[in-house]
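Notes follow once the structure below has been shown.
The values are calculated or read from the model by the stated rules, or taken from the named source; none is laboratory data. Bear in mind the structure is a predicted one, so any value in this text is a computation, not a measurement. Here the Cβ positions follow ideal geometry from the backbone for every residue, glycine too, while neighbour counts run over all protein chains shown. All accessible areas refer to the heavy atoms of the entire protein, side chains included, with ligands and DNA or RNA removed. Shrake-Rupley method; radii C 1.70, N 1.55, O 1.52, S 1.80 Å.
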Amino acid sequence: MKRLTFILLSLISFNFIFAAGGTIPAGLPTVFGFGTIDKSDTYAASSPHFFKGTTAGTCWDYSYAYLTSDFSASGYNTWTGWVAGGQWAANELKYWEARGQIQVFSFYYTPYALANYNDGGKMNQYYKDFKLLCQVIAANSTKKVIIHLEPDLLGFWRKAGRSATSTGAVKVGGANFGETCDGVAINSLPDTIQGWSEALYRIRNQYGAGKVLLAHHYTHWGNASSKDVLVDTSLSQNDVNTHVDDTTTFMNQVENGKKYDLIFVDPSDRDADWFRIKGGEGNTRWTGPDHSGFTNARTWGKLGYVFDRVSTNMARKMMFWQIPVGNTYYKTCNNTDYHYRDNSAQEFIPSTSMDGSSGTPGDAYSPTSTTTGPGYWASKGFIGVLFGEGGYDQYQTAFNTVTHLRDWPNDGITNPGSDASPNGAVSFDVWGKATSTDADNEGGYVRKAVAAYCSKGKYSLTGAVNTPTYTNTSTNTATYTATRTNTATRTNTPIPPTSTYTFTNTSTNTATRTFTAVPPTSTFTNTATNTATRTFTAIPPTATHTFTRTATNTHTSTNTAVLPTFTHTHTNTFTSTNTHTATLIPTSTNTVPVGSTNTNTYTVTNTFTNTNTHTATSTNTPVPPTSTNTTIPSSTNTTIPGSTNTYTFTITNTHTATHTPTNTAIAALDVNINYMIPSGTVTLGSTSVIQFNYAIANQQANTVVIMLMQGGLPVKTLVYDTTAKAPGNYNDELNVTNLFSTVSSGSYTIRVSVNNAALAQSDLAETAAFNFVNSPTSTATVPPASTATNTNTFTHTPTPTFTHTYTPTEIVTPAPTESMDPKIEDLLVYPNPYTGGKLKIRCTLTKKTQGISFRLYSASFRLLKEHKNTGAQMNGEVIVEVPEKDLKPLSNGTYYYVLTAETEAGSKIKSKADKFIIMK
């Protein structure tokens, strides 16, 4: 950061260079802090909440929550409608701030669906939502609030080959937001990623200045080569450096000097063994204990190396976000659903044993260590860790089997034992031996370790107090510098015999010793007195300049002693050193990225150093305690006639011109979807093929991949074509029966990705969402009952005869056996999509219940309706009916539901979350 310093008459410009990672933003804790995902909203689908509020002895510093949207203008699918007027965010920050915590909001729309950001109408609402959030924070917050912008969006853009200044990725001016913020009309900003970053920066400055801190997100796989620098063990150190620098250079170009306050990172959002068992990724997410630095394998030392480079390149402090919570400490983590192993929590707050065989959670933490725990990560540029699973309870249905901080889904205290792997080959063969007394999915390690961290004392961040190093640095960008120069002009002017002001600095050293016998008391007085005296003296009209410096120090020492023994030594040394250096450094920097810039800058740096050294040495040999020692330094300034000093302040504006030659870049490979027929609803059995047409532009595509997507995640590869395709239009017929027979009903998109390996270029495009219907036929059996059989008999004679035969048949269906374990399972909702009438859910009860309730949630899991069926239900197959009046007010879209019931014994049970579509 640039600073201007004025010393006497010269202007000196310095760059302040701090330790890697810059400085802690004002208003944030100056200790290494911990926080978790949490919420105070009791109306959401999952409970309990207030995780941090139930942790005795734990001093949390941060709380974070998602603010999500599917780009709806209003309603429950966007956070602004969770509580009217965006007050959900206000309620959260007020609740956690009252408990001393900094609120973090992850502003998360649809980074996995990039097409939404290039829609002017959707982005108009986007900027309005962001403005509203800044207004809510400004009106309600008493602390700083961090807005964590769009996790992984920059990574998705970079991976898709987008540059900071290319158009076609996002609408900014084209969104017609229509406001002037921070002195800039948002409509005047370009439709580029750089323009998007500046728009949010300007809106923050207009509506949330002084309260809102902004954070960009670093994505470890978000580089032009799509290489995961934390997972890919084939990458050399130079490879990793190249890919990290590619991403951070892109991020700096996006900011274009409008720097955000922090950088967030998430090395993994789910437990290592979840990835191994559920994700099929082997041991790629386990992090080895080595801290020595870069290794090809994934180790904590490698992560420290990578993130230290990120922090240095971005000159920003960083925050770990969404850190998995499984451990190898408690028996609880035995690699069953909701109880998977990881070692991240033990890295950040270490214990003496990894397997819990001795000690207590967090007992190895030391507030002075810089080689382990918070001290190690502070040295890499971090200010804290936010724990939280990637799937927040059932909010992310694809991830909700990960290990959670709380007891989800209410299986209580579990200690099944973990001395062998029940789910495949052992990875990182450490299994918990400690017995948990908490119902948390991970056994309670996080809450206990953080409590230990608080009791031992939090780690002080050395970045809180920085000693600047003055460095002359040449700049290679266009710079406008406002320089204030103090110029002393000495003028000798004849004047009439009137008073003239002359400045004289006089210093006199006088030592006085006085011995006085007093009663046995002890007094010590040290008094410093500086006296400036102005003298006006009439002089004859002559031109005389006189400057006189006289040093006067007055020292009075009074010693009163019973025994007259006193020794006093006083040394007064004054040194003044003035050094002026003018240096002219021509600096030429040639940088040739795509759209190259050649900048020649000449920078003149004046360095002025003024050193004043005053050394006073005083030696007192005291006497028995009847002593008074009084020291009075005195300074007298006297003006002597004969001089007039005139000081002229000059403002100098310096303009450095930058000449930028531009090279024409190679046109980027591009793909667009022309049409998809049908585009609204695809029904298995009714729709035979999907006509899919796309256009390739600018470059040849060597590979074309067409995938079925849901929620930004790939569901199925529909086409994988390695035939080279020149620019032009292409058509594919997707056979619905063959390709979609195993696909569940729901809302999907189709993505086409193209790649040219030789040019290292790629692009992708995605259709609008469509509804796919694959509903199984439901047959209800009613015991005991009669079944009507209609038999049609056709006799081929000259006269056709139709015979209707009714045959009653008695069917006895045995009652299902009641299970010891109460569950609601085997959910089937129909009709799906729902178009009207009653909605029915078939399910299986393993226990008799006193009733069963239907709870309806929005796509963001806000509770909308609850319909109770109070009649007793037998165990076995049950049909739950929801009347049309409860569904009629709802708009079209995707909704979730949960069935809940109470057994005859009083136990409460609930089903998993399932979803259906409303299409009227």
- Message: Looking only at region 236-264, count every residue that is open to solvent by 10 Å² or more (accessible area, probe 1.4 Å), of a type outside the set (Lys, Arg) and part of a loop (DSSP other than H, G, I, E, B) and tell me the total.
- Response: 4
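Yes or no, residue by residue, for (1) aliphatic (A, V, I, L, M); (2) at pLDDT 95 or above; (3) in contact with a helix residue (DSSP H, G or I) (Cβ under 6 Å, 6 or more places away or on another chain):
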position: Gly288; (1), (2), (3): no, no, no
position: Gly301; (1), (2), (3): no, yes, no
position: Phe307; (1), (2), (3): no, yes, no
position: Thr328; (1), (2), (3): no, no, no
position: Asn335; (1), (2), (3): no, no, yes
position: Pro361; (1), (2), (3): no, yes, yes
- Query: Which condition number does Lys94 fail, the rest of (1) at pLDDT 90 or above; (2) out of contact with any helix residue (DSSP H, G or I) (no Cβ under 7 Å at 6 or more places or on another chain) being met?
  - Reply: (2)
- Message: I'd like to know if region 725-733 contains one or more residues that are open to solvent by 40 Å² or more (accessible area, probe 1.4 Å), among the aromatic types (Phe, Trp, Tyr), more than 16 Å from Leu684 (Cβ to Cβ) and at pLDDT below 50.
- Response: no
- Message: Just the residues that are closer than 16 Å to Asn731 by Cβ and either open to solvent by less than 30 Å² (accessible area, probe 1.4 Å) or of a type outside the set (A, V, I, L, M) (or both), please, taken from region 679-704.
- Response: Ser679, Ser688, Ile690, Gln691, Phe692, Asn693, Tyr694, Ala695, Ile696, Ala701, Val704
- Item | Filter result (closer than 21 Å to Asp826 by Cβ, at pLDDT below 80 and open to solvent by 80 Å² or more (accessible area, probe 1.4 Å)) within region 850-885 | Ala872, Met874
- Query: Can you name every residue in region 358-372 that is open to solvent by less than 40 Å² (accessible area, probe 1.4 Å) and at positive phi?
  - Reply: Gly362
- Of these, Asp246, Asp239, Asp273, which one is touching a residue at least 12 places away in the same chain (Cβ under 8 Å), of a type in the set (Asp, Glu) and either touching a helix residue (DSSP H, G or I) at 6+ places or on another chain (Cβ under 8 Å) or under 30 Å from Leu28 (Cβ atoms) (or both)? Asp246
